[in-house]
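Please read the structure below before turning to the comments.
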Amino acid sequence: MKTMFKLGVIPIIFSLCLICSSFAQATIVGKWKTIDDETNEPKSIVEIFEKDGKYYGKIVKLFLKKDADQNPTCDKCDSDDPRKDEPTLGMEIIRGLQPTGDTFSRGTILDPKKGKEYKCKLWREGDLLKVKGSFLFISRTQTWHLVK
């Protein structure tokens, strides 16, 4: 009887551990204020959403200076990219991220100002989102802030 009890408890404990670990990963879904890592100024608000188990992000607001183009486009995007010459506002800049432990990766992020697409990795630290874009051996990381 004691052996059956022990054997029955092990799968239950294992199942509970799996359930708890799935809740441990903080969600990245929501709106995030992007901060330019070169100027330290707010650039935009990106809304991250989940679709079919992958994560995407689109620009929902731009913080533009008065003398800047008020309707910027991705004029530097590659000619074979469907986002070429499309408005930056509403543009999907994060594509195909997948949960990988405590991070989200295996997707891409686009810098519409430079027209460059990078491998992307995100991880959450409280109300901050670390966003790392990399190409070959070069990478840069920005810190985005949760919009409440």
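The numbers here are math on the coordinates, done by the rules we state, and not lab data. Note that this is a predicted model, so its numbers are computed, not measured. Methodologically, a virtual Cβ is constructed for each residue, glycine included, from the backbone with ideal geometry; neighbour enumeration extends over all protein chains shown.
Tabulated data
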quantity	calculated
Protection proxy ranking of 29-42, 47-60 - average other beta-carbon atoms within 10 Å, highest first	47-60, 29-42
Counted charge near residue 75, where neighbours are those whose Cβ lies closer than 9 Å (Asp, Glu -1; Lys, Arg +1)	+1
Environment charge of residue 63, counting only residues whose C-beta is closer than 12 Å and scoring Lys/Arg +1, Asp/Glu -1	+3
Overall Cα dimensions of region 27-146 - principal axes, largest extent first, Å	41, 31, 30
